[in-house]
1. So Val11 fits all but one of (1) outside any loop (DSSP other than H, G, I, E, B); (2) modelled with pLDDT of 70 or more; (3) not small (Gly, Ala, Ser); what number is the exception?
2. Just name the residue that is surrounded by the most Cβ atoms within 10 Å (Cβ to Cβ) out of those in the range 27-54 that are hydroxyl-bearing (Ser, Thr, Tyr) and in a loop (DSSP other than H, G, I, E, B).
3. Residue by residue through the range 55-75, note down the ones that are farther than 15 Å from Asp19 by Cβ and part of a loop (DSSP other than H, G, I, E, B).
4. Could you grab me the full set of residues in the range 30-54 that are among the basic types (Lys, Arg) and within 18 Å of Asp19 (Cα to Cα)?
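The values are calculated or read from the model by the stated rules, or taken from the named source; none is laboratory data. Nothing here was measured: the structure is a model prediction, and the numbers come from that model. Heads up, the Cβs are rebuilt from the backbone with ideal geometry, glycines too, and the neighbour counts pull from every protein chain shown.
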Amino acid sequence: MICLIASLISVLASTTKLDVLKISPISEQVARLQVISCDLCGSQKASHDVYVKGAVEDVPMLKRCCDGCKSLLIQ
């Protein structure tokens with residue numbers, strides 16, 4: 001199941017251009033509050049905050065992703 005999700009994310013990443021502005025680890029305070037799932041695959045625990053270029057100029061959007069999805073974004 002995870003392999004299928006990873007391949008779908010790979011296809012999504014290759015067909016959808018995300019302008020990644022910044023990637024940083026999720027802070028410990030946020031991580032302790034609740035389990036946050038990955039915004040891209042939805043099946044893994046998010047471990048990184050990813051800021052991407054948003055629809056509104058100069059306003060980045062926050063996406064949270066797991067290690068697997070992060071590695072696909074920085075290829």
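1. Condition (2) is where Val11 drops out.
2. First, the residues of the range 27-54 that are hydroxyl-bearing (Ser, Thr, Tyr): 27, 37, 43, 47, 51.
Now narrow it down to the ones that are in a loop (DSSP other than H, G, I, E, B): 27, 43, 47.
Numbers: Ser27: 10, Ser43: 14, Ser47: 17.
My answer is Ser47.
3. Cys66
4. First, pick out the residues of the range 30-54 that are among the basic types (Lys, Arg): 32, 45, 53.
The answer is Lys53, and nothing else.
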